Amino acid sequence: MSSGRRVRKDVRTNRAALVSAARTELAEHGLDMSLERVAQRAGLGVATLYRHFPHRAELLDAVLAEVLGRYADLARAALDDPDPWRGFVTFLERTTRLEAADRGLNDLLSMDLDGTPACRAAKQEHYRTVCAVIARAQEDGSLRADLRAEDLVFLTWGHARILEAAALTDRPEIWRRHLAFLLDGFRAGAATAAPLPPVPPEEMQQIMERLGTRRS
């Protein structure tokens, strides 16, 4: 292998190690994670971290792109389920389980981070696949017709408090009980007319921008 190729491989390897370490730190310490601990966990120096990610937001951006890619994979798995309702339910259960195990994930998902093309592409693919999961269950007649992806964002934010409380008990999976209540409200047969229309995507983007500013 030539020295140039070896350098490029090392750069990719180091970057992946830093993003993986940041995911672990985020899960354990939330958005207050220490960049010094990230570098140490990755087995690299702080100077190497800053060469890859000069600003904390750039590292969080890379982590978010990876997380959204995982969510999109879960959505595609849901689309492969022959039962649209079961696919929808399984998608929500799996994403909620990820959030239950990761202290900072919900805050990260609500931040307006899209500084890189990779993150913007991940956001678009995540939104597209989630909308497809919703639409398929609605076309099947099992999911209430007025649910939108933006509604799931608000419900996820609300459920985050339940996850936080559940982590303080000796029954950390109690969130599954409350998710079951939510899912019953999503069923087409149990639906009543919503009192207000959903938040449009443009307004949701503005909300996330404001939340991101408050957390930065």
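The values are calculated or read from the model by the stated rules, or taken from the named source; none is laboratory data. All values reported here derive from a predicted model rather than from experimental measurement. Cβ sites come from the backbone with ideal geometry, for glycine too, and all protein chains shown count toward neighbours.
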Scan of segment 117-160 for residues that are over 21 Å from A193 (Cα atoms) and of a type in the set (A, V, I, L, M, F, W, C), ordered by number: A118, C119, A121, A122, V130, A132, V133, W157, A160
Condition met for V63 (surrounded by 15 or more Cβ atoms within 10 Å (Cβ to Cβ) and among the β-branched types (V, I, T)): yes
Within segment 66-116, tally of residues that are assigned to a helix (DSSP H, G or I) and polar (S, T, N, Q): 4
Unmet criterion (only one of (1) crowded, with 20+ Cβ neighbours inside 10 Å; (2) not in a helix (DSSP H, G or I)) for A145: (1)
Index of the failed condition, A191 passing every other in (1) of a type in the set (A, V, I, L, M, F, W, C); (2) modelled with pLDDT under 80; (3) in contact with a His (Cβ under 6 Å, 6 or more places away or on another chain): (3)
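Is it the case, given these coordinates, that A166 is in contact with an Asp or Glu (Cβ under 9 Å, 6 or more places away or on another chain), modelled with pLDDT under 85 and more than 18 Å from T95 (Cα to Cα)?
Here the answer is no, as A166 does not meet what is asked.
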Every residue from segment 186-201 that is without any contact (Cβ under 8 Å) to a residue 12 or more places away in the chain and either of a type outside the set (A, V, I, L, M) or surrounded by 15 or more Cβ atoms within 10 Å (Cβ to Cβ) (or both): G189, T192, P195, P197
Hits in segment 81-107 (condition: modelled with pLDDT under 90, among the hydrophobic types (A, V, I, L, M, F, W, C) and surrounded by fewer than 21 Cβ atoms within 10 Å (Cβ to Cβ)): L98, A101
Residue within segment 146-154 that is modelled with pLDDT of 85 or more, touching a Gly at 6+ places or on another chain (Cβ under 9 Å) and under 21 Å from L64 (Cα atoms) present: no
Count - residues of segment 41-61 that are in contact with a Ser or Thr (Cβ under 9 Å, 6 or more places away or on another chain) and over 20 Å from A118 (Cβ atoms): 1
Candidates L163, L182 - the one that is farther than 15 Å from L98 by Cα and surrounded by 12 or more Cβ atoms within 10 Å (Cβ to Cβ): L182
Conditions (1) without any contact (Cβ under 8 Å) to a residue 60 or more places away in the chain; (2) within 24 Å of E202 (Cα to Cα); (3) not polar (S, T, N, Q); number of the one not met by D107: (1)
